[in-house]
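The structure appears right after this line, and notes come after that.
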Amino acid sequence: KSVEGHFINCLEGDADLQFLLAGGELLKVRSNSWKKNRTFKLQEDCRTIWQESRKAMRSSQTFSIDDIEAVRLGRQSEGLQKYTEEALEDRCFSIIFKGRRKNLDLIASSKEDACKWVTSLEKVITNLRNLSSKQKTEHWIYNCMRNADKNSDNKMSLKELKHFLHQINIEVDDEYAQMLFAKCDKSKSGQLEGSEIEYFYKLLTAREEIDVIYDKYAQTNRQMSAKDLLSFLQNEQQEGVSLDDALKLIEKYEEKQQMTKDGFLMYLHQPEGMILNPAHKDVYQDMTQPLSHYFISSSHNTYLMEDQLKGPSSTEAYIRALMKSCRCVELDCWDGSDGEPIIYHGYTLTSKILFKDVIKAIKEYAFKTSEYPVILSLENHCSLEQQKLMAKHMTSILGDALLAKPLGDEMPTTFPSPEELKGRFLIKGKRLNKLEEAFSPSSTTDENESISEDDEAADMVEDAEKKPKSKKMKLAKELSDLVIYCKSVHFQGFEHARESQEFYEMSSFKEGKAEKLAEESANEFVCHNVDKLSRIYPAGSRADSSNYNPVPLWTAGCQIVALNFQTPSDEMDLNQGWFLPNGMSGYLMKPEFLRDRASEFNPVNLTKGKWLQHKTLHVMVISAQQLPKINKKKESSIVDPLVRVEIHGVPADAASRETDYIEDNGFNPMWNENFQFDVCVPELALVRFVVEDYDSTSQNDLIGQYTLPFTSLQNGYRHVPLLTKNGDIIPSAALFVHIMAVEAE
């Protein structure tokens, strides 16, 4: 299709699209005193929203559809709940952005209008996300060409061509630009138009590396027959497939019985051709094992949006963590001045939110991305009266989804499974008595009994007040009775735990203590974590909400390794990659040697055992496509990309290799560099691809990254999607690599 024509159909003629293109006035809400009418409309590129601005020197501003995380109908944001009346519920909606950008809270003129905005936006978002990689490339290049066409004459001069190349992240010298222009200017008019622009686009998007692979196997009239494709799948992709499977692939991407080069490229950009094993995109593991046999995606200080000294607390932080399949969230509970318990980071200037509002948000969003159980980790600093109110709120809001008694009619001896706990909430906190008493309704416990305080809560008080922790508190029976399978106890050593700790009693460890145990008593920690849960949390000294490395704790079998989800970091990249497979359920079954009470596995000092499955990983970093600019405000800024491949796992497997950097080309850089890694314990290894913008005078800037478990890799020629520092997909950008994981000799 012609590049200058609107080659992306983009729902042309669709009523919802026409509604957005026409736009309309909405009431923008920022506070009780700031509510102003503003005009919003979709621009002709079908991927940018224009909004009117009354600020001096800026009459309008825009944001990309790609930057939208979700659109929520109703008063589903903290701002709308705080600054609007309940009567406006059906006229409100919010646009939720990726990263740390603030929500856009809006009120439409009617219920129908609000619904129309939400359904129309969701349709355009879905349409853009569902475009093929080729369509995304075309759409992006088309918009860059429009921006470069300064006089809007649908033609391209040499100057406009150079401006366009800058926009798509390529720096070329004048001689090369003139040569490229002359090659396309068939009419010798000094301007490119029509078919000349199409030819320019074809030259620009040619994938030489794909041509080489395709031509090698296209042995049937220069195209791939099913037999040719089967040969490629078996020889290069190392897939155990049949001729029938090859035929089905061709039928999926082609109208005829042979695979063209376009169809082949399309296949390589689809799940079948990506680096992540598509069989691992859904829940594929046994989910009927005891809860302690799984790693559980976990958040620390979940209520915070930023740092833990003066950053804002928000229900939105819980929503974002839950939507990323986090399955253990933390609630730091304190007495509120009006009798209602609140959540915030005690002894700091962080803002406060109501406990009941957090529980409502958790109830609404807990199971939207994963149906497996959510653990509410309570850090309780409240008085008895407000503890009772906490219990009341959880019971009334969460209803039957709250696990208020053990499953079954008899005292359990082990944890139930994630499968048995689907859709349920578990409370982690202090309990006044043993779980057996839950089966004795006549038993009574004095609610004024003093008990030891939770380790993390005591640590916070000690750090804040600079005096020894008392470790004593009073606990309301109503709250105590809701703690079933996750009773917090102080860790008194592995021997004491073996002899006296019940399966449902769990300890929390500050990162330093946990790291020491994982290094000096690794096997004991592994065995402890077979039938008991361990929660790890960051040191209080991390005032900036930074993170620690979760990998050594996972290799020691710790299930609940809590990280600051609000802080983009290498550690969060590893966490996102670790929980990427198994349907992004937030649960990942531990390897067999971490589920065996008699296990002799020691990640620090490897000995012979079933965990040693020596593999050699060959990685060829071939090329990258459409890497984003780092400095978008500076048009002349072009990236100098390099790729680093990292292995994370047991200490013996940790490794990193890096390509050379490519100067001034973020559009289609090519490396063709080979790396080899020896991996001893592949079941605990992660592979991370990092793309950076090289800088000789300062630290390199992250362009994008992708992390996944070694066991989820696909062999062969694969595209690797790239994520931002916030963990969001970068549209159109990818690495192209060749992977071969084989038994070590």
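Would you pick out the residues in the range 732-745 that are of a type outside the set (Gly, Ala, Ser), part of a strand (DSSP E or B) and either more than 24 Å from Phe667 (Cβ to Cβ) or open to solvent by 30 Å² or more (accessible area, probe 1.4 Å) (or both)?
His738, Met740, Val742, Glu743
Hey, does the range 519-541 have a residue that's in contact with a Ser or Thr (Cβ under 8 Å, 6 or more places away or on another chain), within 24 Å of Asn575 (Cβ to Cβ) and open to solvent by 40 Å² or more (accessible area, probe 1.4 Å)?
no
Can you tell me which residues in the range 631-653 are closer than 16 Å to Thr616 by Cβ and open to solvent by 10 Å² or more (accessible area, probe 1.4 Å)?
The answer is Gly649, Ala652.
Pairs needed: first member in the range 114-129, of a type outside the set (A, V, I, L, M, F, W, C); second member anywhere, modelled with pLDDT of 90 or more and crowded, with 17+ Cβ neighbours inside 10 Å; C-beta distance under 7 Å; at least 6 residues apart or different chains.
Lys116/Phe19; Thr119/Asp16; Ser120/Asp16; Ser120/Phe19; Ser120/Leu20; Glu122/Val71; Lys123/Asp16
All but one of (1) in contact with a Lys or Arg (Cβ under 9 Å, 6 or more places away or on another chain); (2) more than 21 Å from Thr315 (Cα to Cα); (3) of a type outside the set (D, E, K, R) hold for Leu104; state the number of the condition that does not hold.
(2)
Of the residues Lys608, Lys629, only one is touching a Ser or Thr at 6+ places or on another chain (Cβ under 9 Å) and of a type in the set (Lys, Arg); which?
Lys629
Go through (1) within 23 Å of Asp728 (Cα to Cα); (2) at pLDDT below 75 for Ile125 and report which single condition fails.
Going through (1) within 23 Å of Asp728 (Cα to Cα); (2) at pLDDT below 75 one by one, Ile125 breaks only (2).
Which numbered condition in (1) under 19 Å from Pro641 (Cβ atoms); (2) in contact with a Cys (Cβ under 7 Å, 6 or more places away or on another chain); (3) of a type in the set (Asp, Glu) is the only one that Glu208 fails?
(2)
Kindly provide the set of residues from the range 582-617 that are open to solvent by 70 Å² or more (accessible area, probe 1.4 Å) and not in a loop (DSSP other than H, G, I, E, B), ordered by number.
Met584, Glu592
Picking from Asp286, Asp244, which residue would you name as being within 19 Å of Phe579 (Cβ to Cβ), of a type outside the set (Lys, Arg) and surrounded by fewer than 18 Cβ atoms within 10 Å (Cβ to Cβ)?
Asp286 is the lone residue from the list that is within 19 Å of Phe579 (Cβ to Cβ), of a type outside the set (Lys, Arg) and surrounded by fewer than 18 Cβ atoms within 10 Å (Cβ to Cβ).
Restricting attention to the range 703-731, report how many residues are among the small types (Gly, Ala, Ser) and free of Cβ contacts under 8 Å to residues at least 12 places away in the same chain.
0
Could you tell me which of the residues Ala182, Ala177 is open to solvent by 20 Å² or more (accessible area, probe 1.4 Å), closer than 15 Å to Leu204 by Cα, small (Gly, Ala, Ser) and assigned to a helix (DSSP H, G or I)?
None of the others qualify; the one that does is Ala182.
Pairs please, first residue from the range 63-78 and at pLDDT below 95 and open to solvent by 40 Å² or more (accessible area, probe 1.4 Å), second anywhere and of a type in the set (Asp, Glu) and not in a helix (DSSP H, G or I), Cβ atoms under 8 Å, 6+ apart in sequence or on different chains.
Glu69/Asp728
In the set Leu204, Leu304, which member is over 29 Å from Ser325 (Cβ atoms), modelled with pLDDT under 95, open to solvent by less than 50 Å² (accessible area, probe 1.4 Å) and among the hydrophobic types (A, V, I, L, M, F, W, C)?
Leu204
Here is a check on your reading of the model: is Glu658 over 30 Å from Val526 (Cα atoms), open to solvent by less than 50 Å² (accessible area, probe 1.4 Å), touching a Leu at 6+ places or on another chain (Cβ under 8 Å) and among the acidic types (Asp, Glu)?
No; evaluated as a whole, the condition is false for this residue.
One line per residue, one yes/no per condition, for (1) at pLDDT 95 or above; (2) acidic (Asp, Glu); (3) open to solvent by 50 Å² or more (accessible area, probe 1.4 Å):
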residue	(1), (2), (3)
Gln308	no, no, no
Ser314	no, no, no
Cys333	yes, no, no
Pro341	yes, no, no
Tyr347	no, no, yes
Lys368	yes, no, yes
Asn380	yes, no, no
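Could you grab me the full set of residues in the range 542-566 that are open to solvent by less than 20 Å² (accessible area, probe 1.4 Å), more than 18 Å from Leu708 (Cβ to Cβ) and part of a loop (DSSP other than H, G, I, E, B)?
Passing the criteria: Ser545, Asn547, Tyr548, Ala556, Gly557, Cys558, Gln559, Asn564.
Taking the condition of being open to solvent by less than 40 Å² (accessible area, probe 1.4 Å) and small (Gly, Ala, Ser), how many residues in the range 261-281 meet it?
2
Being open to solvent by 20 Å² or more (accessible area, probe 1.4 Å), touching a strand residue (DSSP E or B) at 6+ places or on another chain (Cβ under 7 Å), part of a strand (DSSP E or B) and at pLDDT 95 or above, is that true of even one residue in the range 678-686?
Scanning the range 678-686 turns up at least one residue that is open to solvent by 20 Å² or more (accessible area, probe 1.4 Å), touching a strand residue (DSSP E or B) at 6+ places or on another chain (Cβ under 7 Å), part of a strand (DSSP E or B) and at pLDDT 95 or above.
Restricting attention to the range 656-692, which residues are closer than 23 Å to Gln576 by Cα and over 27 Å from the mean Cα position of the chain (by Cα)?
Listed by number, the list holds a single entry, Cys680.
Scanning the range 702-731 for residues that are assigned to a strand (DSSP E or B) and at pLDDT below 95, which turns out nearest to Gly577 (Cα to Cα)?
Applying the filter and picking the extreme gives Ile729.
Just one of the numbered conditions (1) free of Cβ contacts under 8 Å to residues at least 24 places away in the same chain; (2) in a helix (DSSP H, G or I) is not true of Ile210; which one?
Failing condition for Ile210: (1).
Could you pull out the residue among Ser231, Ser189 that is free of Cβ contacts under 8 Å to residues at least 60 places away in the same chain and surrounded by 12 or more Cβ atoms within 10 Å (Cβ to Cβ)?
Being free of Cβ contacts under 8 Å to residues at least 60 places away in the same chain and surrounded by 12 or more Cβ atoms within 10 Å (Cβ to Cβ) holds for just one of Ser231, Ser189, which is Ser231.
Pick from Asp113, Asp153: which is at pLDDT 80 or above, part of a loop (DSSP other than H, G, I, E, B) and surrounded by fewer than 20 Cβ atoms within 10 Å (Cβ to Cβ)?
Exactly one of Asp113, Asp153 is at pLDDT 80 or above, part of a loop (DSSP other than H, G, I, E, B) and surrounded by fewer than 20 Cβ atoms within 10 Å (Cβ to Cβ), namely Asp153.
Considering only residues that are more than 17 Å from the chain's Cα centre (by Cα) and of a type in the set (S, T, N, Q), which ones fall in the range 283-311?
Result: Gln285, Thr288, Gln289, Ser292, Asn301, Gln308.
From the list Lys422, Lys392, pick out the single residue that is in contact (Cβ under 8 Å) with a residue 24 or more places away in the chain, in a helix (DSSP H, G or I) and either open to solvent by 50 Å² or more (accessible area, probe 1.4 Å) or in contact with a strand residue (DSSP E or B) (Cβ under 6 Å, 6 or more places away or on another chain) (or both).
Criteria check complete, one pass: Lys392.
Could you grab me the full set of residues in the range 62-110 that are part of a helix (DSSP H, G or I) and among the small types (Gly, Ala, Ser)?
Within the range 62-110, Gly79, Ala87 qualify.
Looking only at the range 138-150, count how many residues are in a helix (DSSP H, G or I), open to solvent by 30 Å² or more (accessible area, probe 1.4 Å) and without any contact (Cβ under 8 Å) to a residue 24 or more places away in the chain.
1
The values are calculated or read from the model by the stated rules, or taken from the named source; none is laboratory data. All of these numbers come straight from a predicted model, not from anything done at the bench. For neighbour counting, all protein chains shown are included, and Cβ atoms are generated from backbone atoms with ideal geometry for every residue, glycine included. Note: areas computed on protein heavy atoms with side chains; ligands, DNA, RNA excluded. Shrake-Rupley method; radii C 1.70, N 1.55, O 1.52, S 1.80 Å.
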